[in-house]
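The values are calculated or read from the model by the stated rules, or taken from the named source; none is laboratory data. Everything quoted here is computed from the prediction, not taken from an experiment. We place every Cβ from the backbone using ideal geometry, glycine too, and count neighbours over all the protein chains shown. For accessibility, only protein heavy atoms count, side chains too; no ligands or nucleic acids. Shrake-Rupley method; radii C 1.70, N 1.55, O 1.52, S 1.80 Å.
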Amino acid sequence: MKRCYILILNYKKWQEALECTRSVLASSYPDLRIIIIDNNSGNRSLEQLKQELQDRAVQNVPGEADILLVDHRAFATRAPARLPLITLVQNDVNAGFAAGNNVALRAVMQEDAYVWLLNPDMTVKEDTLAQMVGCARATTNAIVGAVHRSFYDVEKVILYGGARVNYWSGNNALIKKPEDIGRAGFISGGSLLTDAATYRAVGLLPEDYFLYWEETDWCYRARKSGFSIVVCPEATCYDKRSTTIGSGFLADYFYTRNGLLFLKKFKSGFLPSALSMVVVRIAKKLVMGQGRRAKGVLLGAIDFLTGRRYEKKGI
């Protein structure tokens, strides 16, 4: 059975990363390694995680010898096959979702192994990883997603694996029904498993988005190269949907800017239509009294049109 490297990217949410890690440690899959990358949270996230994970009073927690804490430079010199059960990697900048994950992907992509991108605000079932690996083995060149259920209401399905892109509007439509699984255009980066060889063939995650649309871009290129989008209905993740930036100004800014950037790269003929829909989204948010979110959409479109690099604004 191939080893699986689980990559968890943390930013200021170490308590959730801890709960996520504990759920992964309870997995039935026999050969796994967890790599937690911290994007310069500034709150001693990795030190806190290491301390909590070394508390042997907690079930399914490793001992001190099974945990390594290093900065990203030292991590780059280590052989992935010799990593302990849990490796904590400290970045000195927050360069976004793709750049953070790429720190680990550069190391493990040459291995004969699976790689599972997993958001820190997820918890998983004991058999989630085994089910996803089973789906990956059953389909050649598979990129596998899971069913995302609400952590707070397990009967509520948030999405089946991923979403599809509406090129006309520059939006993503979540796959909400099992009968629509075949329409998925990409797998959510919140839970995405594939063979490490996929990254060797397609490349690393694109770093020009910072946040949102990275997996859309990567999966689009993968599909063009002959890889398949697969949703594993037996694999379940429980999603708290508690991202650091929430659903306000910054979310609207990056979602708008990056949706337009994706279209420019791959479907430029749809840009006029998508830009007109930006105007509609701004108007709707203003009518709903969401002035700051409307500003996020507007500035995202302006920065796309002017080619201006985004400002992290304290992220």
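Could you check segment 24-49 and list, in sequence order, the residues that are open to solvent by less than 20 Å² (accessible area, probe 1.4 Å) and in a helix (DSSP H, G or I)? The answer is Val24, Ser45, Leu46, Leu49. A residue that is among the polar types (S, T, N, Q), buried (at least 23 other Cβ atoms within 10 Å of the Cβ) and part of a strand (DSSP E or B) cannot be found anywhere in segment 258-271.
Every residue, every condition in (1) of a type in the set (S, T, N, Q); (2) without any contact (Cβ under 8 Å) to a residue 60 or more places away in the chain, yes or no:
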residue: Gly248; (1), (2): no, yes
residue: Leu263; (1), (2): no, no
residue: Gly269; (1), (2): no, yes
residue: Pro272; (1), (2): no, yes
residue: Gln290; (1), (2): yes, yes
residue: Arg293; (1), (2): no, yes
residue: Leu299; (1), (2): no, yes
residue: Asp303; (1), (2): no, yes
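Would segment 223-235 turn up any residue that is in a loop (DSSP other than H, G, I, E, B), without any contact (Cβ under 8 Å) to a residue 60 or more places away in the chain and among the polar types (S, T, N, Q)? Yes, because at least one residue in segment 223-235 is in a loop (DSSP other than H, G, I, E, B), without any contact (Cβ under 8 Å) to a residue 60 or more places away in the chain and among the polar types (S, T, N, Q). Being within 25 Å of the chain's Cα centre (by Cα) and basic (Lys, Arg) is true for just one of Lys285, Lys264. Which residue is that? So the residue among Lys285, Lys264 that is within 25 Å of the chain's Cα centre (by Cα) and basic (Lys, Arg) is Lys264. Looking across segment 208-231 at every residue that is under 9 Å from Asn258 (Cβ atoms) and of a type outside the set (Asp, Glu), the one that is most open to solvent (accessible area, probe 1.4 Å) is identified as Tyr212. If you filter segment 176-197 down to residues that are hydrophobic (A, V, I, L, M, F, W, C) and more than 14 Å from Cys237 (Cβ to Cβ), you find that the one that is surrounded by the fewest Cβ atoms within 10 Å (Cβ to Cβ) is Ala197. Could you tell me whether segment 198-205 includes any residue that is at positive phi, open to solvent by 10 Å² or more (accessible area, probe 1.4 Å), touching a Lys or Arg at 6+ places or on another chain (Cβ under 8 Å) and at pLDDT 95 or above? Yes, that holds for at least one residue. Among the residues of segment 84-102, just one is in contact with a helix residue (DSSP H, G or I) (Cβ under 7 Å, 6 or more places away or on another chain), open to solvent by 10 Å² or more (accessible area, probe 1.4 Å) and more than 23 Å from Gln51 (Cα to Cα), namely Phe97.
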